[in-house]
Amino acid sequence: WQPERPTRLLLIANRDEYHTRPSTPLHWWPDADILAGRDEQAGGSWLGISRSGRLAALTNYRSPTQPRSEAPSRGELVSAFLQGDISAPDYLSQLADRANHYNPFNLLVFDGSNLFGLESRRANIITLAPGTGAVSNADFATPWPKLTRLQSGLHSLLQHDDASDAKLLELLHNSEPAADADLPATGITLQLERLLSATFIRSPAYGTRACSIVRLEQRRVSFLEQSFSAHGDTGTRRIETELSSSSNIYNGNAA
């Protein structure tokens, strides 16, 4: 998050999901001004932008308990924000009151001016300061090995002005698990903790389904998505677009 630079927001992300869950890769949705992949099971998304320059990204919160099957899909929170026009803090304030209706999640939202996060378990709203931040399947900035590795790698590339798509994808493709001594204790088995500790997860049933790079400039956005199945790479899509003139793009420093 570098609001004073030409690329004000650079976001890199991996989406991890069961391979059997149907989804559509990055595209402009025919029924909304949303550029995102789409979860075809529930209709929402995990990461997307709007033509007006709004952005939303979602992660699940890791828990040993089974998710509630009757809870609404968390992916709808991404599409709802992207289709709306209220500010990020207002959206999260309204959502915080009903966050417990959903299975636990973290949500990152950008409204063209401000970057905010929500930790649903405690209905905690976070203002993201300029600099490099990170969130995985725990609270924002929880120092899990893959989170600190990614954040450190991104910071280093930015410091050396070397944050090319190729270099960023190298970070996202790292499939090396963390050492056992560094693993978090989240209530799941040691074998599963090892598997999930890699930045890029590989297994027959569950794994990294998409690697994404979003570069949000003042009036333009570039969105790259590399998709995967259980059998490997299924293609890369890059979409660049001008933002609409009605977008609420902020012209000053970060709030």
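Using DSSP loop states and a limit of at most 16 other Cβ atoms within 10 Å to flag GluC sites (Glu not before Pro), what is the longest stretch of the chain containing no flagged site?
That would be 71-255.
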Within the chain, what whole-number % of the accessible surface is contributed by carbon and sulfur, with the 1.4 Å probe and all protein chains included in the calculation? 48
If I stretch the segment between His27 and Thr65 completely, what's the gain in nm (0.36 nm per residue apart, minus their alpha carbon distance), one decimal? 10.3 nm
Comparing Gly75, Gly235, Gly153, which has the greatest mean-square fluctuation in the GNM of the chain with Cα pairs linked when under 10 Å apart? Gly235
If each K or R counts +1 and each D or E counts -1, the residues other than Tyr18 whose Cβ falls under 14 Å of its Cβ total 0
At 37 °C and 0.692 mPa s, what whole-number value in µm²/s does Stokes-Einstein give for the translational diffusion of the range 94-146, with Rh from the Kirkwood sum over Cα pairs? 277
Normalised by the residues of the chain, what does the relative contact order come to in percent, with Cα pairs under 8 Å and at least six apart? 24
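Once the Cβ-Cβ distance between Ile125 and Ser222 is put in as r, and R0 is 35 Å, what FRET efficiency do you end up with, to the nearest 0.05?
Approximately 0.80, to the nearest 0.05.
Sum -39500 (n - 2.57) across every DSSP H segment of at least 4 residues in the chain, then divide by the residue count to get the 222 nm mean residue ellipticity, nearest 500. Write out the running numbers ahead of the final one.
Numbers: 5 runs with 48 residues, N = 255.
Computed mean residue ellipticity for the chain: -5500 deg cm²/dmol.
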Note down the Stokes-Einstein diffusion coefficient of the chain in µm²/s, whole number, using a Kirkwood radius over alpha carbon pairs, 37 °C, and 0.692 mPa s. 177
Most mobile of Ser164, Ser69, Ser120 in a GNM of the chain (Cα contacts under 10 Å): Ser69
Once each part is reduced to its C-alpha centroid, what is the distance from the range 72-120 to the range 122-200 in angstrom? 22
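What accessible area per residue comes out for the chain, rounded to a whole number of Å², with a 1.4 Å probe? Walk me through the numbers before you get to the answer.
Details: 12220 Å² over 255 residues.
In whole numbers, the chain has 48 Å² accessible per residue.
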For the chain, with a Gaussian network of springs between Cα atoms less than 10 Å apart, report the residue from Trp46, Trp29, Trp144 with the top mean-square fluctuation. Trp29
For the range 1-94 the mean separation of alpha carbon contacts under 8 Å (6+ apart) over residue count, i.e. relative contact order in percent, is 20
Let's test this: bin the Cα-Cα distances of the range 135-255 at 5 Å from zero up to the farthest pair and state each bin's percent. 2, 9, 15, 18, 18, 16, 10, 6, 4, 1, 0
Normalised contact order of the range 66-146, rounded percent, pairs of Cα under 8 Å and 6 or more residues apart: 24
Between rounded, prolate and oblate, where does the range 106-178 land on the alpha carbon gyration tensor, with a ≥ b ≥ c its root eigenvalues, rounded for a/c under 1.5, else prolate if a/b exceeds b/c? oblate
Applying 1/(1 + (r/R0)^6) with R0 = 30 Å to the Cβ-Cβ distance of Asp233 and Asp85, what FRET efficiency is obtained, to the nearest 0.05? 0.20
Within the range 60-105, which trypsin sites (Lys or Arg not before Pro) sit in a loop by DSSP and count at most 16 neighbouring Cβ atoms inside 10 Å? Arg68, Arg98
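The values are calculated or read from the model by the stated rules, or taken from the named source; none is laboratory data. Predicted, not measured: the structure shown is a model, and the values here were computed from it. We place every Cβ from the backbone using ideal geometry, glycine too, and count neighbours over all the protein chains shown. Protein only, heavy atoms only, side chains kept; ligands, DNA and RNA dropped before computing areas. Shrake-Rupley method; radii C 1.70, N 1.55, O 1.52, S 1.80 Å.
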